[in-house]
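A quick write-up on the structure given underneath.
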Amino acid sequence: EPTVRTELMEQIPPIAIFLQESRPKFPTAFFEYLMPIVVRYLTDVNNQVRKAGQEALLILLEQDLVAQSDIENKVCPILLDLSAPDSDDEYKVEAVNIICKMASMLSRTTVEHMLLPRFCELCSDGKLFQVRKICAANFGDICNAVGQEATERLLIPKFFELCSDSVWGMRKACAECFMAVSYTTSPEVRRSKLSPLFISLISDTCRWVRQAAFQSLGPFISTFANPSSAGLYIREDGTLSIRPPTQDVNSNPCQPSNNITVMSSSANAA
């Protein structure tokens, strides 16, 4: 019964936490018994079971309970199969969604070598606009996960494609995550490539796209500022923040304490 499998998936994270805390008594129980179930249910025929499996997987990754070898040898291959060009539409949409959510929880090497090539392919998926929409909405998070070099070499060309997509919802999603993408690039790329691209969005024929671009204008401009003098920086959760004047400008720019939130980035994009 699908309801039984769904209930089982909801119990996997607490069981895994218990096994982790009792690891001397159960050193291999999670990897031998529970992890294979989670991976198998990612391809279950029932969508509720798959959704429960995806949620369980994200909790396990967030709690750092999945071994790197299992991520690379079991989880990523399944997601790559599900997001392949000839995959079922429903499975593909779910797979790209989970790939985007996983990116911030995995090592940069794993994301860049195993997931980034497929993400770039999905950005150009001509069959399903839902797939491109998910890619556009999470573009800033993927840029942050892989860093400046991979962003400028592989992702910026895809971002240009999405910003000129025929579906206005795609262009709107790009406008909403523009600040997060810009923050990952060099000042030269911001000036020479992203600035003209932003002007095209702020002049878009669709007023919803223009409105989203105007709302992102201030945050985008802030990425040109020197963080040490302006006090603006991006926290780990993707939030643009400002450091109070009393705080030492030479302190760690990622320090999250005593700050004022200005606005959210692509993490909250529609």
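Things to note:
- Within segment 1-44, the residues that satisfy the criterion of being more than 25 Å from the chain's Cα centre (by Cα) and basic (Lys, Arg) are 5, 23, 25.
Okay, residues lined up against (1) modelled with pLDDT under 90; (2) crowded, with 19+ Cβ neighbours inside 10 Å; (3) touching a helix residue (DSSP H, G or I) at 6+ places or on another chain (Cβ under 9 Å); (4) among the aromatic types (Phe, Trp, Tyr):
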site: 36; (1), (2), (3), (4): no, no, yes, no
site: 40; (1), (2), (3), (4): no, no, yes, no
site: 48; (1), (2), (3), (4): no, no, yes, no
site: 51; (1), (2), (3), (4): no, no, yes, no
site: 57; (1), (2), (3), (4): no, yes, yes, no
site: 61; (1), (2), (3), (4): no, no, yes, no
site: 66; (1), (2), (3), (4): yes, yes, yes, no
site: 75; (1), (2), (3), (4): no, yes, yes, no
site: 80; (1), (2), (3), (4): no, no, yes, no
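- Matching residues, segment 1-34, being modelled with pLDDT of 90 or more and either part of a loop (DSSP other than H, G, I, E, B) or touching a His at 6+ places or on another chain (Cβ under 9 Å) (or both): 1
- Set side by side, the residues 108, 118 differ, and just one is in contact with a helix residue (DSSP H, G or I) (Cβ under 9 Å, 6 or more places away or on another chain) and either in contact (Cβ under 8 Å) with a residue 60 or more places away in the chain or open to solvent by less than 70 Å² (accessible area, probe 1.4 Å) (or both), which is 118.
- Failed condition for residue 70, given (1) buried (at least 16 other Cβ atoms within 10 Å of the Cβ); (2) not in a helix (DSSP H, G or I): (2)
- Within the option set 170, 179, being touching a Pro at 6+ places or on another chain (Cβ under 7 Å) and surrounded by 21 or more Cβ atoms within 10 Å (Cβ to Cβ) holds for one residue only, 179.
- Condition check for residue 147 on (1) of a type outside the set (D, E, K, R); (2) in contact (Cβ under 8 Å) with a residue 60 or more places away in the chain; (3) at positive phi: one failure, at (2).
- Taking segment 121-151 as the range and being open to solvent by 20 Å² or more (accessible area, probe 1.4 Å) and of a type in the set (Phe, Trp, Tyr) as the test, only 129 passes.
- Taking the criterion of being assigned to a helix (DSSP H, G or I) and open to solvent by 40 Å² or more (accessible area, probe 1.4 Å), the residues of segment 82-91 that qualify are 89, 90, 91.
The values are calculated or read from the model by the stated rules, or taken from the named source; none is laboratory data. Treat the numbers as computed from the prediction; the structure is a model and nothing was measured. So basically every Cβ, Gly included, is an ideal-geometry build from the backbone, and we count neighbours across all protein chains shown. What goes into the accessible areas is simple: the full protein's heavy atoms, side chains included, and nothing from ligands, DNA or RNA. Shrake-Rupley method; radii C 1.70, N 1.55, O 1.52, S 1.80 Å.
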